[in-house]
1. Assess whether residue 524 counts as being more than 30 Å from residue 544 (Cβ to Cβ), surrounded by fewer than 20 Cβ atoms within 10 Å (Cβ to Cβ), under 37 Å from the mean Cα position of the chain (by Cα) and modelled with pLDDT of 95 or more.
2. When you look at residue 221, is it surrounded by 24 or more Cβ atoms within 10 Å (Cβ to Cβ) and over 30 Å from residue 169 (Cβ atoms), yes or no?
3. For segment 338-352, name all the residues that are in a helix (DSSP H, G or I) and under 11 Å from residue 275 (Cα atoms).
4. Tell me yes or no: at least one residue of segment 361-370 is surrounded by fewer than 17 Cβ atoms within 10 Å (Cβ to Cβ) and in contact with a strand residue (DSSP E or B) (Cβ under 9 Å, 6 or more places away or on another chain).
5. Yes or no: residue 442 assigned by TED's automatic domain parsing to the domain that holds residue 542, under 29 Å from the mean Cα position of the chain (by Cα), buried (at least 23 other Cβ atoms within 10 Å of the Cβ) and in contact (Cβ under 8 Å) with a residue 12 or more places away in the chain?
6. Sort out which residues of segment 517-541 are part of a helix (DSSP H, G or I) and within 15 Å of residue 461 (Cα to Cα), and write them in order of number.
């Protein structure tokens with residue numbers, strides 16, 4: 001019994017001891033919490049920088065530049081009419097050159113790009129069919145292509161990046177402003193391009209403070225085009241922003257504004273000059289694009305992918321400071337829809353450009369084979385049928401005649417829409433293509449060598465323009481070229497003007513009144529009704545090229 005009482009007392013003492021320990025423990029925890037929760041400053045750390053925003057955003061697409069599948073994002077420049085979109089892209093933004101509209105992407109892609117007949121060119125020698133809707137898709141840095149993408153390494157802003165410059169590299173800043181078609185600058189050394197700016201900075205040890213302002217678009221002097229091209233400034237200075245992204249490859253800076261959206265200008269003003277400037281780098285070059293419409297970059301993504309291994313940088317929206325050792329600002333350009341091999345790097349020609357397109361778009365025919373027996377194999381004829389002006393009024397009659405002569409006839413509007421590769425395959429499959437002077441004839445770049453292009457020239461003294469825009473380029477691509485100028489009776493202008501009007505008696509007098517008068521009269525208000533007997537001779541001439 002005594003032992004039980006002793007055990008009971010010991011147990012009671014043990015319980016009291018545990019209770020005291022518990023109270024003391026709670027007190028210590030509470031005091032620790034109070035002390036820790038109070039802000040304490042340490043003078044020795046006060047000079048350190050605050051947490052960097054770049055660390056938070058480093059996951060932002062690991063260089064925000066890899067091509068990714070077409071997701072939607074909000075257009076930063078159209079805030080008043082566009083609702084904010086989430087990163088999955090539940091809405092699409094349609095941006096017109098001046099105003100905005102909203103449309104579903106699937107609907108726009110299904111209907112392709114609305115083509116033809118909105119006059120945008122002032123003093124140009126070709127069709128200016130401006131698309132009415134500009135579809136804002138994700139930038140190239142947000143969609144993925146199949147080729148391996150090389151991602152540049154971002155440096156830590158807290159430790160300013162130093163651009164590594166080859167000691168043997170000649171430091172230079174050379175600009176050329178005497179070319180009648182383009183302005184451009186070539187730089188080598190320490191060059192820094194701050195995104196979301198207009199500057200290309202050439203870093204000098206001495207303060208020279210040279211500045212060159214120009215618009216990097218290959219239609220110099222065309223004010224209507226330049227209204228849609230942002231002016232950039234190439235400057236030399238000793239003070240420059242610190243690099244956040246270093247690039248080991250050279251850069252080409254250019255504008256995708258101007259008349260882009262019109263097939264002729266897509267190739268004449270941007271794609272051919274881009275090939276001419278970038279092909280020599282064999283993909284090891286970075287494109288920095290201002291005035292960038294993402295839908296347009298997406299449309300020609302295969303071309304961009306073939307010319308560069310790297311995703312396009314949107315100059316207008318990118319937030320980084322990109323650093324290079326070599327930069328070209330502006331694109332080299334020679335003439336309408338063509339290249340002068342004597343002035344081109346590696347003597348590139350339009351034959352080389354055609355081969356490049358066939359490789360890029362997986363076009364099968366490298367040339368056409370002569371057809372000796374028309375009863376065994378029919379040559380294919382593609383008729384580019386316009387809908388709004390310079391229309392073939394007697395298209396059915398033309399098609400029936402061609403079929404009687406042994407042609408397999410295909411009629412198409414000549415608008416590649418968003419699927420350039422698919423339409424290029426159609427063009428590449430034909431032996432003869434015919435159309436009235438206009439942007440649809442630009443598709444001749446997809447024809448195989450030795451194919452025949454027939455250009456129908458409307459009434460009005462337009463032969464010089466037709467030859468410049470499509471005749472010479474066709475010959476430069478080793479195509480057979482046939483030009484058919486219509487007579488007065490084949491023009492619908494006879495229904496609008498008396499026969500003694502200057503439109504018929506002195507058409508060049510209207511040219512002298514300005515391009516807008518000439519265009520309005522002879523291009524926008526004229527359709528074509530071909531004389532079938534005369535047209536038969538043209539089709540026979542095309543057959544001669546095929547059977548020889």
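The values are calculated or read from the model by the stated rules, or taken from the named source; none is laboratory data. Everything numeric here is computed off the predicted structure, so don't read it as measured data. No Cβ is skipped: glycine too gets one built from the backbone with ideal geometry, and neighbour counts run over all protein chains shown.
1. On the way: more than 30 Å from residue 544 (Cβ to Cβ): yes; surrounded by fewer than 20 Cβ atoms within 10 Å (Cβ to Cβ): yes; under 37 Å from the mean Cα position of the chain (by Cα): yes; modelled with pLDDT of 95 or more: yes.
Answer is yes for this residue.
2. Answer is no for this residue.
3. Passing the criteria: 345, 350, 352.
4. Start the filter on segment 361-370 by keeping residues that are surrounded by fewer than 17 Cβ atoms within 10 Å (Cβ to Cβ), which leaves 362, 364, 366-367, 369-370.
Add one more test, that the residue is in contact with a strand residue (DSSP E or B) (Cβ under 9 Å, 6 or more places away or on another chain), and what stays is none.
Checking segment 361-370: not a single residue is surrounded by fewer than 17 Cβ atoms within 10 Å (Cβ to Cβ) and in contact with a strand residue (DSSP E or B) (Cβ under 9 Å, 6 or more places away or on another chain).
5. Working: assigned by TED's automatic domain parsing to the domain that holds residue 542: yes; under 29 Å from the mean Cα position of the chain (by Cα): yes; buried (at least 23 other Cβ atoms within 10 Å of the Cβ): yes; in contact (Cβ under 8 Å) with a residue 12 or more places away in the chain: yes.
Here the answer is yes, as residue 442 does meet what is asked.
6. Matches in segment 517-541: 517, 518, 519, 520, 521, 522, 523, 524.
Here's the yes/no breakdown for (1) without any contact (Cβ under 8 Å) to a residue 24 or more places away in the chain; (2) over 21 Å from residue 261 (Cβ atoms):
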| position | (1), (2) |
| --- | --- |
| 181 | no, no |
| 208 | no, yes |
| 220 | no, no |
| 223 | no, no |
| 227 | yes, no |
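Matching residues to (1) assigned to a loop (DSSP other than H, G, I, E, B); (2) at pLDDT 95 or above; (3) farther than 29 Å from residue 302 by Cβ:
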| residue | (1), (2), (3) |
| --- | --- |
| 371 | yes, no, yes |
| 376 | yes, no, yes |
| 383 | no, yes, no |
| 387 | yes, no, no |
| 403 | no, yes, yes |
